[in-house]
Amino acid sequence: MTGSSPLVSVTDLAAQLGAADLLVVDCRFELADPARGAREHAAAHIPGAVHADLDRDLSDLSRPALGRHPLPHAAAFSAVLGRWGWTPSTRVVAYDDAGGAIAAARLWWMLRLVGARHVAVLDGGWGAWKRAGLPLEATPVARPATVVAIAFKASEIVYTDELRALRRRGAALVLDARGAPRFRGEVEPIDPVAGHIPGARNRPLTDNLATDGCFKPAAELRKELLVAIGAHAPATVIHSCGSGVSACQNLLAFEIAGLHGSRVYAPSWSGWIADPGNPVERDVRG
């Protein structure tokens, strides 16, 4: 982790493995097979990496009104960080194997919410690490536990009441990270209602990536993202997706591009439609 970029390359991470203040977190997860990430972590992972389960460690599925992957309470996330041996001075690198960074971006965002200053995402993730022929291990990782008591920065999280108020005032742009057919409401393989939040624009997360699965250069991202948001200031952008996870990748892209101040609508589409009184829009080209 160097400079101000929230990304770290595989070569830079490889050079830092074994450092006492480094925590590597394997966030691999598959929605259709939630146990796959843990299985694959047990079979092989970056040396020293602990595993984060999206459902159990980075979400609280007992809060369905807040979407399919609700944020956990601060006390629960504190316990997770303590189990990993995290401290405020710990340097964290998160990785996964989906879309450049999805669950890894979620952890990156959550750590930002608790004020962590040293957190990055592995550019290209697990795929880039393997392609580079870098070391793997299957040994279970146990780090000395720490006592952690964190709080989330509430001002950095958007929930439905605030989003409704912002929409009424025309004070925000919702940028949806889902694929275009889902955004338009042509298909909906996961949630019970198809469509998008009225007035939202579409920025599929895959548009942030180059053909090798790494993020596009910062200047290229900046140019594209400024086109996507038009006259809206970055600080008025609110990222959404299906459940509040993929949206974090668009937030990460904004930060890579130097477009600071945007936020995440944590419940996202699944939380929006949990209230049948919320309006739905379909078949609008985004």
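Could you work out the Kirkwood radius for the range 160-247, taking every pair of different alpha carbons, averaging 1/r and inverting it, reported in Å?
Hydrodynamic radius (Kirkwood, Cα only) of the range 160-247 equals 14.0 Å.
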Margin query: Given bins 5 angstrom wide, list per bin the percent of all Cα-Cα distances in the range 62-130, short to long.
Written below: 3, 16, 22, 23, 18, 13, 3, 0
Next item on the list: Provide the per-residue ³J(HN,Hα) series for the range 23-28, in order, calculated from phi with Karplus coefficients 6.51, -1.76, 1.60 and θ = phi - 60°, each as a whole number of Hz, with x at glycine and proline positions.
Entry: 10, 9, 10, 8, 9, 4
Next item on the list: Write down the radius of gyration of the chain and its Dmax, each obtained from C-alpha positions, in Å.
Entry: 18.1, 54
Note to self: Check which residues have an amide H placed less than 5 Å from residue 124's amide H, if you skip close sequence neighbours.
What the structure shows: 215
Checklist line | Inter-part distance where the range 24-88 and the range 98-114 are each reduced to a Cα centre, Å | finding: 11
Notebook entry, point to check: Convex hull over the Cα atoms of the range 124-204, averaged projected area in nm²?
Noted result: 10.3
Notebook entry, point to check: With θ set to phi - 60° and the Karplus curve 6.51 cos²θ - 1.76 cosθ + 1.60, what are the ³J(HN,Hα) couplings of the range 128-138 in order, to the nearest whole Hz, using x for Gly and Pro?
Noted result: 5, 4, 5, 4, 7, x, 7, x, 10, 8, 10
Notebook entry, point to check: What is the gain in length, in nm to one decimal, between residue 36 and residue 12 on full extension, counting 0.36 nm per residue of separation less the C-alpha to C-alpha distance?
Noted result: 5.9 nm
Check: Share of the range 148-215's accessible area from carbon and sulfur, percent, 1.4 Å?
Finding: 53
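Can you give the charge dipole size of the chain about its Cα centre, rounded to the nearest 20 debye, using +1 on the beta carbon of Lys and Arg and -1 on the beta carbon of Asp and Glu?
580
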Item checked: Inter-probe distance in nm under a simple model that places probes 7 Å from Cα toward Cβ, at residue 73 and residue 168 -> 3.0
Check: Translational D (Stokes-Einstein, µm²/s) of the range 140-286 at 10 °C and 1.306 mPa s when Rh comes from the Kirkwood sum over C-alpha pairs?
Finding: 98
Check: Given the alpha-carbon gyration tensor of the range 50-175, what are the semi-axes of its equivalent ellipsoid in whole angstrom, ordered largest first, with each equal to the square root of 5 times an eigenvalue?
Finding: 29, 19, 14
Check: Using the eigenvalues of the Cα gyration tensor, what equivalent ellipsoid semi-axes result for the range 1-69 when each is taken as the square root of five times the eigenvalue, whole Å, largest first?
Finding: 27, 16, 10
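The values are calculated or read from the model by the stated rules, or taken from the named source; none is laboratory data. All figures in this text were calculated on a predicted structure; none of them were measured in a lab. Methodologically, a virtual Cβ is constructed for each residue, glycine included, from the backbone with ideal geometry; neighbour enumeration extends over all protein chains shown. Keep in mind that these areas ignore ligands, DNA and RNA; they rest on the heavy atoms of the full protein, side chains included. Shrake-Rupley method; radii C 1.70, N 1.55, O 1.52, S 1.80 Å.
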